[in-house]
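The structure appears right after this line, and notes come after that.
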There are 2 protein chains.
Amino acid sequence: MATRRATTQSAYQQIRRAIVEGRYRPGQRLVEQRIGEEFDLSRTPVREALRQLEAEGLVHSEPNRGAVVREVSLDEISDLYDLRARLEGYAAELAAQRIGPAELERLDAGIAAFEHALGADWDDELDQVRAIDDANREVHGAVLAGARHDRLGRLLERTVDVPLVFQAFRQFDRAQTERSHLFHQLIRDAILAGDGQRASALMFEHVMLGRDVLLAHLEASEAQVDELFST
Amino acid sequence: MATRRATTQSAYQQIRRAIVEGRYRPGQRLVEQRIGEEFDLSRTPVREALRQLEAEGLVHSEPNRGAVVREVSLDEISDLYDLRARLEGYAAELAAQRIGPAELERLDAGIAAFEHALGADWDDELDQVRAIDDANREVHGAVLAGARHDRLGRLLERTVDVPLVFQAFRQFDRAQTERSHLFHQLIRDAILAGDGQRASALMFEHVMLGRDVLLAHLEASEAQVDELFST
DNA sequence: CATGCCCGAATTGTATACATTTTCGCTCGA
DNA sequence: TCGAGCGAAAATGTATACAATTCGGGCATG
C-alpha cells in the first residue's frame, strides 16, 4: 500500500480503525477540524483521508455538508455479502491457476496465525478479535494476491471490505470461528491442487456462511444495524 | 453523482475526459501545477480530482512522486473484461428481479439513443463515437440502476469503467456496433421477462464479445496498449 | 574518461488563511 | 402558538504559503 507521507496515512488508518471497530458510529458526522485536533493534524490530510474512505464506501459525503459514517441496512448487508462471495469465489478460482510459492507461503502463514489467535489465552477479548480479524485478512489477502488480478484485488481490499467483517467476528462463537478455520484449510487444499471449481465453490460458501451468521444475529435481536456497534 | 463545488468537479471531469479519450497518454506525468494552470485552478481541486481518479484506477501515483496516467497491459485488459463480464452479468441477473418502470424507461431511452447515434449522419467521427459511447453508458447504467445494488453500481461505474470502452468503440466497425445494439435489445427483453439466467448470460456474452474485438485489434497490430491512443 | 557526490530546481506534502455555504436559534408578525 | 425570515456561528471549499522530498546536472576526484 502506497504509504503517503506519514500524516495523511496516519489519519487514514486511525479514522478507518475507529469506523471499523465501531467507535465512530454509523450516521456520526466527521468534522474535519475536530478530527484534526483529535490527531493533532491540520485539516488537509484529514480531508484527504476522508476522501479515500469515501471512495471505499465507508464514509458518505455530500457537497457542502461534510462526511458521515455510512449507514448500512440489512438488505444492503445481504447484497454486499452476495457480491463479496462472488468476487472472492472468482479470486479463488484464479488463484488455483495462478498462485505462486510466495503467496502459498503467505496463505499458510495466515492460516497458522488464525489457529494461533484462536488457541492463545487472551487477556482482552477485543485483542483476540483483532488478532483473528488480522489473520483472516491475511488469509483472504493471500488468495487475492495469488489471483494476480490487480483490479479485483483492489476492489475487494479497498471497496467491499467493510466494517462488517470485523463486527462479524465479534458475533462469532468458538464453533463458528473454528468452522471458518476449517474452510480456510479446505480452500488452501483446493488451490494447491489447482482445482478452481472447488476453490471457488468453497470460498463462495465460506463467505455466505459468514453472511448467514451475521444476518441471523442482526435479525434475532431485531436490531438496527448500529445495534452491532453498541456492544 | 455528488457534484462537489464546481472547481473540483470540473477538474475531475476534464482530466477524466482527457484520459479516457487518450489526449493524456498512458505513462504521462500529471503535474498538479501544470494542470491547474491549464484549467485556471489552484492545485487544491486538481489534487483532489487526481486522488479520485487514483481511486478509480485511471491514475497511478506514488508517495512523493506524483501521478501518472495508468498503463494497462494486454493481460490486464483481458482480466478486466472478464471481471466486468461477471459483474455486469450479475447486475443483469439482479435487474431482472428488481427493475422498476423508471429504470426500464431509462433503458429503452438508452437503446433508442444508441440507435439514433448509429443512424445519424455525422460531420465529425469523434462526435459519433462520443454519442455512441454515451448511449452505451446509458444502457449499461440503466441495467445497473435496475439492479438496485448500490455498491455494485459504484464498482462498475467508478472503478472498472476504464478508458477501454471508449477506445473500443473507435475500433468497432459498423457490424460490430450493430451487434452490440442487438444484444442490448435482447438483454432488455430478458430483463423485462424477469429471466435472470438469460439476462446474465447475454450480458456476459455481450461484454466478452467486446473484449474479443478489442483484443483482436490490439494483437493484430502487435500494438503496445498506447498504440490505441495514437489514432 | 568514468564515477560518485553535492547542490539546486521542480514537485509533492502540509499548514494556514480566506471565501462560500449551511445550520440553527431567534425575533417578529400573523 | 406557530412559522417565516434573518443573522451569526460553524463547517466545508479553495487559494496560497511554506516544508520536505525527489531528480538531474555539474564538478571534483580517482
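The values are calculated or read from the model by the stated rules, or taken from the named source; none is laboratory data. Here the structure is a predicted model, which is why all the values come from computation and not from measurement. Every residue, glycine among them, receives a Cβ derived from its backbone with ideal geometry; neighbour counts consider all protein chains shown.
Points worth noting:
- Test: residue in the stretch A:172-180 that is of a type in the set (K, R), in the same structural domain as A:G119 (by TED's automatic domain parsing), closer than 14 Å to A:I132 by Cα and modelled with pLDDT of 95 or more: yes
- Only one of A:A85, A:A112 that is away from DNA strand C (no atom under 16 Å from the Cβ) and surrounded by fewer than 18 Cβ atoms within 10 Å (Cβ to Cβ): A:A112
- Meets criteria (in the same structural domain as B:F169 (by TED's automatic domain parsing), away from DNA strand C (no atom under 12 Å from the Cβ), under 16 Å from the mean Cα position of the chain (by Cα) and of a type outside the set (S, T, N, Q)) for B:E125: no
- Residue match in the stretch B:88-95 (condition: within 13 Å of another protein chain (Cβ to nearest Cβ), surrounded by 14 or more Cβ atoms within 10 Å (Cβ to Cβ) and touching a Pro at 6+ places or on another chain (Cβ under 9 Å)): no
- Across the stretch A:25-77, the number of residues qualifying as within 11 Å of DNA strand C (Cβ to nearest atom), of a type in the set (D, E), away from every other protein chain (no Cβ under 12 Å) and in a helix (DSSP H, G or I) comes to 2.
- Among residues of the stretch B:1-39, those that are within 8 Å of DNA strand D (Cβ to nearest atom) and within 20 Å of B:T159 (Cβ to Cβ), counted: 3
- Restricting the stretch A:40-50 to residues that are in contact with a helix residue (DSSP H, G or I) (Cβ under 6 Å, 6 or more places away or on another chain) and either closer than 12 Å to A:I15 by Cα or assigned by TED's automatic domain parsing to the domain that holds A:T159 (or both), the residue that is nearest to DNA strand D (Cβ to nearest atom) is A:R47.
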